[in-house]
Each structure stands twice: as structure tokens, then as C-alpha cells.
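Step one of this worksheet: look at the structure below.
The values are calculated or read from the model by the stated rules, or taken from the named source; none is laboratory data. Quick caveat, the model's predicted, so the values are computed rather than measured. Here the Cβ positions follow ideal geometry from the backbone for every residue, glycine too, while neighbour counts run over all protein chains shown.
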Amino acid sequence: MSKPIFNPDDVFQFESTLGEEERLIMESAREYAQTHLEPRALEGNQEGVFHEEIPKELGELGLLGATLPEEYGGVGASHTAYGLIARELERVDSGYRSFASVQSSLVMHPINIFGTEELKQKYLPRLATAELIGCFGLTEPNSGSDPGSMTTNIKADGDYYILNGAKMWITNSPIADVAVVWAKDEEGIIRGVIVDMDTPGCSAPKIEGKLSLRASITGELVFEDARIHKSQILPNVKGLKGPLSCLTKARYGIAWGAIGAGLDCYDSALRYSLEREQFGKPIGGFQLTQKKLAEMITEITKAQLLAWRLGTLFDQGKATPAQVSMAKRNNVHMALEIAREARQIHGGMGITNEYPCMRHMMNLETVLTYEGTHDIHLLITGMDITGLNAFK
Ligand code: TGC
Ligand code: FAD
């Protein structure tokens with residue numbers, strides 16, 4: 001048996017199952033991310049700046065809302081292709097995968113599945129090109145893991161709703177043209193409202209001082225008697241399952257994205273271990289370093305097979321929220337552990353910005369927390385196993 005060329009991206013050759021379009025999407029996302037995105041993402045992370053020209057570049061390549069039909073600006077891509085886009089963006093920096101997750105899964109997806117034809121025509125093609133930037137407002141200052149306790153509300157007033165409340169930790173909000181906002185109606189039922197952010201009474205102050213996801217822009221959403229036309233409501237969903245079903249799609253993308261961050265750390269650690277010599281030989285020649293590297297690539301490969309299978313289940317309409325929770329939790333934790341191990345292999349150099357491990361590690365602390373914390377996903381798995389709810 002001839003020895004295969006070792007490709008850390010594809011140890012078990014899942015890429016041989018990709019269709020031509022999936023492969024093209026993966027390659028174009030990778031080429032763009034490595035060549036054009038990386039320099040600005042690294043500088044943006046250092047300076048705490050989101051480069052506002054990048055969304056349009058992603059849009060031009062068809063990387064936003066890719067699973068949507070062409071008539072709404074998508075390319076009708078498979079969920080595996082969507083996952084591979086996330087992997088390639090997060091291989092560079094979680095901040096830009098975050099941007100794409102929100103635009104695609106948390107803004108375009110709910111408008112596509114819960115919106116009227118008029119709303120779809122009005123927003124989706126312009127979101128696909130990033131002519132419009134979107135954000136998703138679920139979390140509030142006193143309502144994080146328990147979004148059902150939200151207090152943001154809408155009250156009917158003729159042809160309008162009056163929107164009041166505040167959302168916290170909202171990716172993209174300071175630069176967003178449009179926000180998908182989840183609010184309770186007068187009966188206490190959660191509804192989705194599409195808010196044009198230039199409406200009087202709407203503001204989005206930026207959150208400063210983040211030590212994680214510095215290349216992403218995060219803010220609040222504040223609504224003070226904002227008048228939103230009733231045609232802006234998402235008519236086809238009521239209750240917490242509306243926002244949670246969007247999260248199911250975005251969490252799936254994160255399960256893929258984390259693999260990209262893990263691969264970048266592994267790749268850097270492997271190179272460093274072959275170059276750096278101590279005790280007269282490369283540190284990659286010591287058993288303890290090899291143990292770290294071998295365990296890293298094993299965990300990445302397992303995580304990727306999980307994500308790949310989940311993508312197939314999504315395309316068949318069979319993926320469950322509990323499967324997504326298991327994959328998001330496992331894969332993000334896996335990537336965070338790899339970032340820490342990779343940092344160790346780089347010794348003192350690992351704490352500098354010459355190498356990617358510490359930056360990925362800091363980013364992944366956010367990824368472990370948003371879209372459902374590590375422990376919340378464990379409790380979802382626990383409920384799936386036992387049928388007993390341990391949240392409340
Ligand atoms: P619970 O009673 O369990 O469920 C309420 C209704 O929702 C249904 N459901 C889901 N539907 C679709 N997808 C899911 N994943 C679903 N999970 C639950 C459920 O069947 C029920 O339906 P129905 O018809 O019976 O009404 O709700 P609960 O109040 O007990 O809460 C459950 C819990 C804790 C799991 C959930 O609320 C949760 O997931 N909490 C975590 C909150 C979270 O993930 N927030 C994320 C905010 S957005 C974000 O972080 C974006 S980061 C973006 C980026 O930059 O990438
Ligand atoms: P809390 O819910 O207060 O949790 C604190 C701790 O308590 C956690 O460890 C949690 O696991 C634990 N805990 C809570 N409940 C239980 C329980 N029942 N049992 C055991 N332990 C429990 N939200 C949006 O809506 N849109 C966005 O675009 C968005 N982007 C974000 C970007 C960034 C950079 C960050 C940091 C967050 C973002 N979020 C966004 C918010 C994110 O989803 C929340 O931070 C997350 O859901 C956790 O909520 P919390 O921070 O209020 O923590």
C-alpha cells in the first residue's frame with residue numbers, strides 16, 4: 001500500500017464525496033480567505049477593527065446566504081458547502097466567520113423561512129451582496145441563556161407596532177442596516193420583527209474593551225418607542241422556537257468553523273515543531289510533542305467527520321437540534337483545547353501575534369459562550385438522553 005500524502009484537512013478523505021460545486025465553493029472560500037482576508041483580519045484583530053469593505057467581497061463570491069435559492073441571492077448550496085465556507089473563514093479568524101454566520105443564518109435564514117414574499121424580495125438579495133448588513137437581537141442584559149425571559153416588547157398602534165427594549169452583545173449591530181429583533185407581543189408571545197435601523201428611536205452603541213473576537217464588531221440594540229410598520233413582522237412563526245430554529249442553523253456552521261481554527265493552530269504547531277530545535281534536535285522529534293500533535297489531528301478529524309455527517313442530515317431534513325448541540329459543544333471545546341496545546345508547543349513565542357494560537361484561543365472563548373454556552377449544550381444533550389429538563 002503506497003503512503004498517502006498527509007493532508008490534515010482530509011485525513012479520512014471526506015472530500016472525495018464532495019460534488020463539483022461544493023469543491024469549488026470550498027476552494028474559492030479558501031483562496032479568498034488565505035489571500036485577501038487574512039492580512040486585514042490579523043491587523044483588525046490587533047487594532048480592534050472590523051473592516052467594513054469585507055462583507056461586500058464575501059457577497060461577490062456568493063459566500064453569504066449560500067444555501068438560499070438563487071432568486072433570493074443565494075446559490076442553492078448544500079449545507080456541507082455552507083459548513084466549508086465557515087471552516088475557511090474561521091481558519092483565518094472567528095470574527096469574520098461570525099459576521100457570515102449572522103448575515104447568513106440569523107438574518108437571511110429567518111427572513112427566508114418565516115417572512116412574506118414582500119419581505120424576502122425587499123431584503124434578501126441586498127443582504128446576499130452585503131449592500132445591507134444585518135444583525136440578530138435575542139440576548140438582553142438580563143436574559144442570556146434564558147431567552148424566554150426577555151422583556152423587549154411590541155404594542156400594536158394602528159398599522160404600526162411600538163417597539164421598546166434593549167438587546168446586548170449583538171454581533172454587527174453598530175454597522176447594521178437591518179436587525180431581526182425578537183420581542184414579546186401584548187399576549188407575551190415572542191415574535192420576530194425586521195427593524196430598519198434608521199427608524200427613529202433605534203440606536204446601536206458599540207461595546208468596547210473586548211479581549212476576544214476583536215476583529216468583529218459587537219454592540220447593543222436600544223429601542224425607545226420605535227414605530228415599526230406591521231408588515232415588518234415575520235408572520236410565519238410564533239414563540240421561542242422562532243429564534244431557536246435560526247440558532248440551530250448557525251450553531252451547525254460554528255461546528256464547522258471551529259475546525260478551521262483548530263486546523264490553523266495544528267498547522268502552525270506542526271511547522272514550529274519541525275523548525276525549533278532544543279537538546280540538539282527538532283522538538284517535533286520528542287515523544288511528548290508528537291503525542292500533542294497526534295492527539296490534535298485525531299480530535300480535528302473526528303470533529304470534522306461529525307460536522308460532515310451533520311451537513312448530510314441537514315440536506316436530508318433529518319438533523320435535530322440535539323445533534324447540533326452535541327456537535328457545536330464538542331467541536332468548539334476541541335478547538336479551544338487545541339489552541340491551548342498548540343500555544344504550548346510554540347513555547348514563549350506562542351504568546352506573540354507572530355503565531356495564531358493565542359488569538360484563536362481568545363476568540364474561541366467567545367465561541368464557547370455564544371449561540372448557547374458550553375454548559376447549556378451539555379444540558380440539551382442531558383435532556384435528550386434522559387427526557388428530564390435540568391435547566392429549571
Ligand atoms: P424550551 O421550552 O425548551 O423550548 C421552547 C420552544 O422552542 C423549541 N426549541 C427549538 N426549536 C428549534 N430549534 C431549537 N434548537 C430548539 N430548542 C427548543 C421547543 O421545542 C419549544 O417549542 P414549542 O413548540 O413547544 O413551543 O425553551 P426553554 O425556555 O426551556 O429554553 C431552552 C434552552 C435553554 C435550550 C434555550 O433557550 C437555549 O438554547 N438557550 C441558549 C440561548 C442562546 O443560544 N442564545 C444565543 C443568542 S444569539 C447568538 O449568540 C449569536 S452569536 C452570533 C455570532 O457572532 O456568530
Ligand atoms: P448567562 O446566561 O448569564 O450565563 C452565565 C453562566 O451561567 C454560563 O456559564 C452559563 O452556562 C451558566 N448557566 C446559565 N443558566 C444555567 C443553567 N440553567 N444551568 C447551569 N448553568 C447555567 N446574542 C445575540 O442575541 N445576538 C448576537 O449576535 C450575539 N453575539 C454575541 C457576540 C459576542 C462577542 C458575545 C460574547 C455574545 C454574543 N451574544 C449574542 C450573546 C450570547 O449568546 C450570550 O452571551 C450567551 O447566550 C450567554 O448569555 P450570558 O452572557 O447572559 O450568560
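General remarks:
- When each of A86, A81, A100 is tested for being within 15 Å of ligand 1 (Cβ to nearest atom) and out of contact with any Pro (no Cβ under 9 Å at 6 or more places or on another chain), the lone residue that passes is A86.
- Residue list for the stretch 375-392, filter: near ligand 2 (Cβ under 10 Å from one of its atoms) and not in a helix (DSSP H, G or I): N389, A390, F391, K392
- Some residue of the stretch 247-266 being touching a Pro at 6+ places or on another chain (Cβ under 8 Å), modelled with pLDDT of 95 or more and within 16 Å of ligand 2 (Cβ to nearest atom): yes
- Any hit, the stretch 300-323, residues being in contact with a Ser or Thr (Cβ under 6 Å, 6 or more places away or on another chain) and among the aliphatic types (A, V, I, L, M): no
- If the condition is being surrounded by 13 or more Cβ atoms within 10 Å (Cβ to Cβ) and either within 10 Å of ligand 1 (Cβ to nearest atom) or not polar (S, T, N, Q) (or both), then the stretch 149-162 contributes M150, I154, K155, Y160, Y161, I162.
- From E275, E337, E299, residue being in contact with a strand residue (DSSP E or B) (Cβ under 8 Å, 6 or more places away or on another chain), of a type in the set (D, E) and more than 16 Å from ligand 2 (Cβ to nearest atom): E275
- Taking each residue of the stretch 229-247 that is over 17 Å from L106 (Cβ atoms) and charged (D, E, K, R) and looking for partners that are part of a loop (DSSP other than H, G, I, E, B) and within 14 Å of ligand 1 (Cβ to nearest atom) with beta-carbon atoms closer than 6 Å, six or more apart or interchain, yields K238/I189.
- Which listed residue is on the phi > 0 side of the Ramachandran plot, touching a helix residue (DSSP H, G or I) at 6+ places or on another chain (Cβ under 6 Å) and modelled with pLDDT of 95 or more, from A130, A100: A130
- Count - residues of the stretch 336-374 that are within 14 Å of ligand 1 (Cβ to nearest atom) and either assigned to a loop (DSSP other than H, G, I, E, B) or under 16 Å from E295 (Cα atoms) (or both): 4
- Subset of the stretch 276-299 (residues that are of a type in the set (S, T, Y) and surrounded by 15 or more Cβ atoms within 10 Å (Cβ to Cβ)): T289
- Residues considered: G311, G317, G285. Of these, the only one that is under 23 Å from the mean Cα position of the chain (by Cα), of a type outside the set (A, V, I, L, M) and farther than 28 Å from E38 by Cα is G317.
- One residue stands out in the stretch 116-143 among those that are in contact with a Leu (Cβ under 9 Å, 6 or more places away or on another chain) and of a type in the set (G, A, S): the one that is nearest to ligand 1 (Cβ to nearest atom), namely G137.
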